[in-house]
Every structure is written in structure tokens, then in C-alpha cells.
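I have placed the structure first, in the form of C-alpha cells, so that the comments after it can refer back to it.
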2 protein chains.
Amino acid sequence: MGKVIANMSMSLDGFIADPADGIDQLFGWMGSGDVEVPTAVEWATFRMSPASARYMRDAMAGVGALIAGRHLFDITQGWGGTHPLGVPIVVVTHREPPADWPHTDTFTFVGDVEEAVRTARAAAGDRNVVIASAKIARQCLDAGLLDGIHVDLVPVLLGEGVRWFDDLAKAPVRLGDPVVIEGDGVTHLAYDVVRPS
Amino acid sequence: MGKVIANMSMSLDGFIADPADGIDQLFGWMGSGDVEVPTAVEWATFRMSPASARYMRDAMAGVGALIAGRHLFDITQGWGGTHPLGVPIVVVTHREPPADWPHTDTFTFVGDVEEAVRTARAAAGDRNVVIASAKIARQCLDAGLLDGIHVDLVPVLLGEGVRWFDDLAKAPVRLGDPVVIEGDGVTHLAYDVVRPS
């Protein structure tokens, strides 16, 4: 069975977006290198350092489903209907999908994180479930549903914005030592969550 | 000339102490390994992983003076008169030293961070000045006096406590890609501060 992994680009001071939800300061490493990493959509091709490209290709090959929050779904307008990862998307929301949203197997709308993880695991099979929203990741962590935290740590201090790990219900949360991959403009840190014994 | 470097152990979510100023969750890597790293005082001998021991010995060999805030000086009771690094200490404070504090060349009490950096640089010569207090490090960063930020990143989420990089006056602050050393229970990340051009 695959793992449930939260993955975000984060500033050294813990922010995943600026106060206006902007991410320009945090995603430069995805577009500033020489190695092309194609995605499932034409509008998104990454250009990365060789190290980040290897990391991203491995991550993309390992992912079987994605969980996102409704906020991320809304601000990306549902990625135009196809997420760059090209995998089933489970959106956690208390509201109905947009009225004109096409009914496909690619997007499932569920009411809570437990159902989201169940649904995404079933879709992912042996591959990993990746969580792409900070709030959902926190809720999964609180519910003991998270196996890994993969941080793309960006060498910048933002000073203000949206924090990834605010308002943890159960702390401290122990992690294992990370697998480290050094990119350009990013340090990839892959941590396992240590379950309380 | 040496560099002015801020160095702290920090949780992945950006805390350098728990809400009660406790640091037990963050300094385990200094005492859980097999390699002894002696200090200038008998009451402090580190026991680290081989990688952390090499990192610490290099850091200790490179430091020529230390800047601390009054809060750190007070809660450590002035390290009993001798800091483990065995170098001159510059304490930033608006108050008088403790009445019974011995007058030695080891401790200098100054009123602001500019004077602290001047004094510490003069004492350090060609070696580095290390800043051991979060608030002083932030003030130096704001004043453009900081050359490096060395983070001993600990694989834990504390959820609450004292943040290192709160209330930055000038953000974003760009850093270079870090030198990475992988220890046990810690990832050492040595960043240079990129000065605005």
C-alpha cells in the first residue's frame, strides 16, 4: 500500500504562500533550471535543476491520487479540468462542486479528510496519495492519517503569509531524519511521520 | 574578516523553544551520539553523530566571539561565567550587569546590536561572530548586519513556542542555497544571506 504524503514548497520561516495566497517566491525552483519535466497538461512543463528533476520525476511516478482542499481547487479553477499530475483528484469540501463542473472520474468531491483518504487510497492502489493543501495536511496529521511530510524548503524568509503547520491539535509531532536532495533554489526534505507508540 | 552568523536549533515549523523557553525537544542531537566534542567548560561535553561532531568542531574552531541577548544571559545565569565556546561574549542589554558579576574581558555589555557587532568583530578578528539569540539575530538581519543563517533543523513539529524569524522589518529576505550536513536527529543547513543589490 502506498503512503499518504503531504507535500508543499515552504519558506525557511514556515510559509507556503504570501498574505495574498501568492506563491511566486516559493516556486521559482520549478521553472529556473535546464531540465524539462513534462506533466499531464500542455500548460505546465517544469524546467528544473537535474537534482530537482530527478526528485520530481520520482515523485510523479509514485503518486496515484491527489487530495486538495476546496480553497486550492477554487483558486486554481480546478486546474482547468486536468491536474498536471494526471491522477484522480479528491477535493475536500462542504459545498457542492461548481454547477458547470463536468462529471468525470477524475474529480471526486467528499465531505471530510477521512473519506478523502479512503477515496484517494482506493484510487491510488499501490501508489502514494499526495496532499496538496496545507489545511487538509494538518487535519490528516491530527487524525493520524499522514505517513510522510515532504518539504521543498526554499531559501527565503517571507516574514508573513500562510503557515503550513499552524494550529496543530496534537504536538509535538516527531519525524524521522529526512531524505535530502539538494536542488537549485530549493532543498528537498522527505520526512516520515513517527507514529506515537 | 569573519562573518556574522546567526545559529539556532529550530523545529521544522520554525520554533526555537517551547512556550516555556524549554529546548529539550530541539537539542537532543547534541547529546545522543557516540562522538565526544569537548567544550571550554567541564559541565558541557557534547556527544554527537560523526557528521554533527565534524560540523560542530568546524563551527567551534571558526568562532571568535559570541553575541547574546540579555534574556539568554539571564536564563543561563551567564553560563556560570564561562560560555562553552570559550570566546568573548557580547551581551546586548539596556540594563546593568548583575551587581555581583565579575569584571572580566570575557563579557562585555552593550546597548544595541550595532555596537554589539562592532565589539564582537573587534574581538573575533578573522574569525566569525556567532549570534545565539533569536531576537538579536532578527535585529541584525533587519539592520543588514547578518552574513549567514545556520539552522540546525530538527525533525519535529512543536506547534507552538518561540519563533525564530517573527516580526521581520524587511522581508522577503533572500538566502543562498545551503551547505547541507546530515546528522542524526538534525539536518544542518548553512545559508548565506543575499544582500539586496
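Checking each residue in segment B:170-184 for being more than 17 Å from residue A:179 (Cβ to Cβ), facing another protein chain (nearest Cβ under 7 Å) and in a strand (DSSP E or B) picks out B:173, B:174, B:175. Among the residues here, residue A:110 does not qualify as β-branched (Val, Ile, Thr) and within 22 Å of residue A:23 (Cβ to Cβ). Here is a check on your reading of the model: is residue B:126 more than 27 Å from residue B:184 (Cα to Cα) and out of contact with any Phe, Trp or Tyr (no Cβ under 7 Å at 6 or more places or on another chain)? Yes. Within segment A:73-89, the set of residues being open to solvent by less than 40 Å² (accessible area, probe 1.4 Å) and either polar (S, T, N, Q) or outside any strand (DSSP E or B) (or both) comprises A:73, A:78, A:79, A:81, A:83, A:84, A:87.
Here's the yes/no breakdown for (1) more than 14 Å from chain B (Cβ to nearest Cβ); (2) more than 26 Å from residue B:173 (Cα to Cα); (3) of a type in the set (D, E, K, R); (4) open to solvent by 20 Å² or more (accessible area, probe 1.4 Å):
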| position | (1), (2), (3), (4) |
| --- | --- |
| A:99 | yes, yes, no, yes |
| A:102 | yes, yes, no, yes |
| A:117 | yes, yes, no, no |
| A:121 | yes, yes, yes, yes |
| A:126 | yes, yes, yes, yes |
| A:138 | no, yes, yes, yes |
| A:145 | yes, yes, no, yes |
| A:164 | no, no, no, no |
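Every condition in (1) open to solvent by 10 Å² or more (accessible area, probe 1.4 Å); (2) in contact (Cβ under 8 Å) with a residue 24 or more places away in the chain holds for residue A:48 except the one numbered (1).
There is no residue in segment A:175-189 that is of a type in the set (Ser, Thr, Tyr) and either open to solvent by 30 Å² or more (accessible area, probe 1.4 Å) or at positive phi (or both).
Every residue, every condition in (1) open to solvent by less than 30 Å² (accessible area, probe 1.4 Å); (2) within 14 Å of chain B (Cβ to nearest Cβ), yes or no:
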position	(1), (2)
A:6	yes, yes
A:15	yes, yes
A:27	no, yes
A:36	no, no
A:53	yes, no
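The values are calculated or read from the model by the stated rules, or taken from the named source; none is laboratory data. Worth saying up front: this structure is predicted, and the values here are computed from it rather than measured. FYI the Cβ positions are ideal-geometry reconstructions off the backbone, even for glycines, and counts take in every protein chain you see. Each accessible area value is taken on the protein alone, full model and side chains, heavy atoms only, with ligands, DNA and RNA left out. Shrake-Rupley method; radii C 1.70, N 1.55, O 1.52, S 1.80 Å.
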